[in-house]
Amino acid sequence: MDVKQLEQKLATIQEDQDKIKVLDEVAARYYEEGHYRKAVSYYQQAEQLSLDSNLRASYQGLKGICYFLMNQDSEAHQALIGAKEMLHPNEKSFDEEIFGLVHYFLGSLYEYEGKHEASLESRLVAFEYIDHLHSEAQWMLLAGIGRNYEFQNDFRKAVEFNSEAISKINQNDPEIGYILANLGYNHYELGEYNKAREHFARILATDHDFERQEEVYSMLGLCNRRLLDFDIALDSYLKLLELKQPKSTQESSAWLYIEIAHCYYSLKEYQKSIEFVEKGLKGPIEDNTEKAEIHSYLVNNYHGMSRFEEAVEAGERTLKIADEFHGMEIMLSNLALSYHQLGDTEKFAYYRDWCNRDFPDQDWPKQLN
């Protein structure tokens with residue numbers, strides 16, 4: 001019997017209980033077809049005819065879900081909160097699935113509103129009823145809890161719930177890439193770089209059209225840099241640069257040229273490193289701090305090539321741009337060593353003492369002593 005026939009049948013039914021069953025079936029059909037407004041109308045009628053409080057609460061919860069799916073957040077919030085307060089687990093007609101779904105959708109609403117603690121609290125209630133939810137709601141709930149814990153910087157818990165979400169989702173579902181990305185980020189924040197890069201690499205291997213490819217290549221580069229696998233990191237950064245170049249934007253990519261220059265420098269490919277430093281200096285740069293950082297790699301590479309006069313000249317120019325930037329301890333050490341090679345003991349002592357003062361625990365300054 002199709003939905004039109006069911007609607008015609010409604011007009012002939014006299015008993016409320018029989019009418020409720022048909023109203024429920026009609027609403028469910030419209031819900032499955034994505035006609036949420038019509039579904040709301042029939043759930044509303046079923047709610048009004050129901051005498052059982054849990055049954056009325058269930059229909060109110062279903063209305064809230066429909067409102068949520070129609071992006072009517074205010075109506076969804078009101079209906080879901082009402083259902084939450086009316087549902088009583090110890091009374092008859094209690095529906096475990098509806099109870100779980102009400103808290104699941106409330107958790108999503110709270111997350112959209114930036115109420116992360118309330119979102120986690122609601123989702124953890126839903127988690128107690130996860131076995132009563134359909135498979136899609138299960139992995140989405142788990143992934144949502146993972147995001148909540150990530151927001152709280154509890155990355156170990158985030159790993160736990162995102163890993164469980166991965167085990168529940170269909171492995172061909174295009175949404176799996178987003179969970180893998182979150183899982184990779186969680187492992188990265190925990191310092192588990194090998195695990196992190198496994199997840200990021202899996203995204204690229206299974207979804208060639210993943211919309212956040214730039215982010216994935218960036219995180220792969222960071223993971224491999226942390227693991228001192230500079231040649232593999234370089235591959236990621238060069239691919240990222242290839243993705244970025246066709247785009248017409250004034251956004252600074254100097255940070256990427258810095259990463260590439262650092263990888264080539266670490267691999268002792270000094271001329272290639274200089275090539276990317278020069279390219280980076282020609283493009284948009286956010287501020288003098290970023291400009292000084294990329295310029296500092298001229299010092300590092302000239303020192304590596306034993307071109308000490310050029311190294312000290314580049315070093316003094318860098319410090320005129322900014323006297324504080326990321327990676328400064330590497331440049332100061334190379335600047336001091338270059339002065340040492342040129343026999344300028346006064347300048348060597350000056351920059352050595354600077355390193356000892358500002359970076360006493362770093363490996364580079366220790367070599368100067």
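Tell me, yes or no, whether region 169-182 has at least one residue that is assigned to a helix (DSSP H, G or I), of a type in the set (D, E, K, R) and open to solvent by 30 Å² or more (accessible area, probe 1.4 Å).
So the first thing to find is which residues in region 169-182 are assigned to a helix (DSSP H, G or I), and the list is 176-182.
Filter once more, so that each one left must be of a type in the set (D, E, K, R): none.
No, because not a single residue in region 169-182 is assigned to a helix (DSSP H, G or I), of a type in the set (D, E, K, R) and open to solvent by 30 Å² or more (accessible area, probe 1.4 Å).
Quick check on region 263-283. Is at least one of its residues modelled with pLDDT under 95 and touching an Asp or Glu at 6+ places or on another chain (Cβ under 8 Å)?
no
For residues that are out of contact with any helix residue (DSSP H, G or I) (no Cβ under 6 Å at 6 or more places or on another chain), at pLDDT below 90 and outside any helix (DSSP H, G or I), scanning just region 324-369, find the one that is least open to solvent (accessible area, probe 1.4 Å).
Checked region 324-369; the qualifying residue least open to solvent (accessible area, probe 1.4 Å) is PRO360.
Name the single residue that is farthest from the chain's Cα centre (by Cα) among those in region 38-58 being among the aliphatic types (A, V, I, L, M) and surrounded by 21 or more Cβ atoms within 10 Å (Cβ to Cβ). Steps first, please.
Residues of region 38-58 that are among the aliphatic types (A, V, I, L, M), as a first pass: 39-40, 46, 49, 51, 55, 57.
Still in the list and also surrounded by 21 or more Cβ atoms within 10 Å (Cβ to Cβ): 39-40, 46, 55, 57.
Details: ALA39: 34, VAL40: 34, ALA46: 41, LEU55: 39, ALA57: 35 Å.
The residue in question is ALA46.
Which residue pairs have Cβ atoms closer than 6 Å, lie 6 or more positions apart in sequence or on different chains, and pair a first residue in region 8-21 that is under 14 Å from GLN48 (Cα atoms) and among the β-branched types (Val, Ile, Thr) with a second residue that is at pLDDT 75 or above and assigned to a helix (DSSP H, G or I)?
Short answer, once both residue conditions are applied: ILE20/ALA46; ILE20/LEU49.
How many of the residues in region 99-148 are open to solvent by 60 Å² or more (accessible area, probe 1.4 Å), under 18 Å from the mean Cα position of the chain (by Cα) and not acidic (Asp, Glu)?
The total comes to 4.
State which residue pairs qualify: first residue closer than 20 Å to TYR112 by Cβ and inside region 49-74, second residue among the acidic types (Asp, Glu) in any location, beta carbons under 6 Å apart, and separation of 6 or more residues or different chains.
Pairs found: TYR67/GLU75.
Under the condition of being modelled with pLDDT of 90 or more and more than 25 Å from GLU113 (Cβ to Cβ), which residue from region 20-37 is least open to solvent (accessible area, probe 1.4 Å)?
Kept after step one, since they are modelled with pLDDT of 90 or more, are these residues of region 20-37: 31-37.
Then keep just the ones that are more than 25 Å from GLU113 (Cβ to Cβ); that gives 32-33, 35.
Working: GLU32: 145, GLU33: 105, HIS35: 89 Å².
Restricting to residues being modelled with pLDDT of 90 or more and more than 25 Å from GLU113 (Cβ to Cβ), the top hit is HIS35.
Report, by residue number, each residue of region 79-96 that is surrounded by fewer than 18 Cβ atoms within 10 Å (Cβ to Cβ), of a type in the set (Lys, Arg) and within 36 Å of the chain's Cα centre (by Cα).
Answer for region 79-96, where residues must be surrounded by fewer than 18 Cβ atoms within 10 Å (Cβ to Cβ), of a type in the set (Lys, Arg) and within 36 Å of the chain's Cα centre (by Cα): there is none.
Quick check on my filter: what residues within region 61-78 are open to solvent by 10 Å² or more (accessible area, probe 1.4 Å) and over 17 Å from VAL22 (Cα atoms)? Walk me through how you get there before you give the answer.
Here is the first cut: in region 61-78, the residues open to solvent by 10 Å² or more (accessible area, probe 1.4 Å) are 62-63, 67-75, 77-78.
Those that are open to solvent by 10 Å² or more (accessible area, probe 1.4 Å) and over 17 Å from VAL22 (Cα atoms): TYR67, PHE68, LEU69, MET70, ASN71, GLN72, ASP73, SER74, GLU75, HIS77, GLN78.
Restricting region 170-200 to residues that are modelled with pLDDT under 95 and more than 17 Å from GLY146 (Cα to Cα), which is nearest to the chain's Cα centre (by Cα)?
PRO174
Contact list please: Cβ distance under 6 Å, first residue in region 208-234 and at pLDDT 95 or above, second residue β-branched (Val, Ile, Thr), pairs at least six apart or on different chains.
Every condition considered, the pairs that remain are VAL216/ILE203; ASN224/ILE232.
Just to confirm my filter: which helices (runs of 4 or more DSSP H) fall fully inside region 222-292 and include at least 1 residues that are of a type in the set (D, E, K, R) and open to solvent by 60 Å² or more (accessible area, probe 1.4 Å)? Outline the logic, then answer.
Values: elements: 230-244, 254-266, 270-282.
Here the list reads 230-244, 270-282.
The values are calculated or read from the model by the stated rules, or taken from the named source; none is laboratory data. If you're wondering where the values come from, they're calculated on a predicted model, not measured in any experiment. Positions of Cβ are backbone-derived with ideal geometry, glycine not excepted, and every protein chain shown enters the neighbour counts. With ligands, DNA and RNA removed, areas are computed over all heavy atoms of the protein, side chains included. Shrake-Rupley method; radii C 1.70, N 1.55, O 1.52, S 1.80 Å.
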